[in-house]
Amino acid sequence: MTGLATDGRVDRDHAHALLRSRRSIRWYRPEPVSSEVLDRILISAGMAPSAHNRQPWRYLVLTDSFSKDALARTMGSRLANDRQRDGDPEAAIRHDVERSYRRIVEAAVVIVVALTVKPMDWYPDATRSRAEYLMAVQSTAMATQNLLLAAHAEGLGACWMCAPLFCQLEVRRILGTPKDWEPQGLITMGYPASEPPSAKPRLAILDFVKFKSSPAGIEDV
């Protein structure tokens, strides 16, 4: 079964099965991910829609142990410092730092997700500038969801981590990324070490959707 309908469109049931079976996978087997697989994943990520078609997403792919170790240690140090200022117990801090370190260094691939506002429009006022920045954030998020789904299609596990948002300067410095690259998160990726977990509870449609069936409440402009 190819997942394609006879007219070349993606088969509906295959597509929905892919979307609904994706899980966040945090632990991986040690085998590497080939460059051919990574290329297919990144090409699919780059097909996402973006504001003005400016494609503001930027990805730094880490596969070597040195870079992953340096990133994990840098982020762990910042996490420990922040948690200590919060007054959290040392044992809890140490546990979380060690867990985060393992999740990063034991992944075959770590992809740092960043955005750049350089290709976006510029406005002299704060309101439109803020909107333009958020469009870059949204565009990068859409591309990264493509990336996660493409990894799933390749039989890989992957997990989104938001931690770089809390230490953007440190991430940029340790990895030497361009100054206009603003870290947004990272993706750990590899072949799953175990069976995927069952789906976590999800909201029912009516818990997050409203259907507008009449013009009541719509004011004339």
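With respect to the conditions (1) among the charged types (D, E, K, R); (2) more than 19 Å from V61 (Cβ to Cβ); (3) under 19 Å from the mean Cα position of the chain (by Cα), E154 lacks only one, and its number is (2). Among (1) touching an Asp or Glu at 6+ places or on another chain (Cβ under 8 Å); (2) over 17 Å from P32 (Cα atoms); (3) of a type outside the set (A, V, I, L, M, F, W, C), which single condition is Y191 missing? Checking Y191 against (1) touching an Asp or Glu at 6+ places or on another chain (Cβ under 8 Å); (2) over 17 Å from P32 (Cα atoms); (3) of a type outside the set (A, V, I, L, M, F, W, C), the one that fails is (2). Evaluating R58 against the criteria (1) of a type in the set (D, E, K, R); (2) within 17 Å of L149 (Cβ to Cβ); (3) surrounded by 14 or more Cβ atoms within 10 Å (Cβ to Cβ) leaves one unmet condition, (2).
Would you confirm whether or not segment 96-113 contains a residue that is without any contact (Cβ under 8 Å) to a residue 40 or more places away in the chain and of a type in the set (K, R)? Checked segment 96-113: at least one residue is without any contact (Cβ under 8 Å) to a residue 40 or more places away in the chain and of a type in the set (K, R). Scanning segment 115-140 for residues that are without any contact (Cβ under 8 Å) to a residue 40 or more places away in the chain and of a type in the set (A, V, I, L, M, F, W, C) turns up W122, A126, A131, L134. Looking at segment 151-198, which of its residues are hydroxyl-bearing (S, T, Y) and at pLDDT below 95? Of everything in segment 151-198, those that are hydroxyl-bearing (S, T, Y) and at pLDDT below 95 turn out to be S194, S198. Among the residues of segment 33-51, the ones that are out of contact with any strand residue (DSSP E or B) (no Cβ under 8 Å at 6 or more places or on another chain) and either of a type in the set (A, V, I, L, M) or within 15 Å of N146 (Cβ to Cβ) (or both) come to 9 in all.
Exactly one residue among S194, S129 is surrounded by fewer than 17 Cβ atoms within 10 Å (Cβ to Cβ) and over 26 Å from L18 (Cα atoms), and that residue is S129.
For segment 149-182, filtered to residues that are among the small types (G, A, S) and under 14 Å from V112 (Cα atoms), the residue that is surrounded by the most Cβ atoms within 10 Å (Cβ to Cβ) is A158. Among the residues here, S44 qualifies as closer than 26 Å to G157 by Cα, at pLDDT 95 or above and under 17 Å from the mean Cα position of the chain (by Cα). Determine, yes or no, whether R73 is surrounded by fewer than 12 Cβ atoms within 10 Å (Cβ to Cβ), of a type outside the set (A, V, I, L, M) and without any contact (Cβ under 8 Å) to a residue 60 or more places away in the chain. Judged against the criteria, R73 is not a match. Per the conditions (1) more than 15 Å from P183 (Cβ to Cβ); (2) touching a strand residue (DSSP E or B) at 6+ places or on another chain (Cβ under 9 Å), the sole criterion not satisfied by R128 is (2). Contact map, segment 178-191: first residue of a type in the set (A, V, I, L, M), second residue surrounded by fewer than 22 Cβ atoms within 10 Å (Cβ to Cβ) and in a loop (DSSP other than H, G, I, E, B), Cβ cut-off under 7 Å, separation 6 or more or different chains; pairs are M189/V33; M189/A108; M189/L156. Somewhere in segment 202-211, is a residue basic (K, R) and under 20 Å from the mean Cα position of the chain (by Cα)? Yes, some residue in segment 202-211 is basic (K, R) and under 20 Å from the mean Cα position of the chain (by Cα).
The values are calculated or read from the model by the stated rules, or taken from the named source; none is laboratory data. A quick note: this is a predicted structure, and the numbers were derived from the prediction, not measured. In this analysis, Cβ positions are derived from the backbone assuming ideal geometry, glycine residues included, and neighbour counts consider all displayed protein chains.
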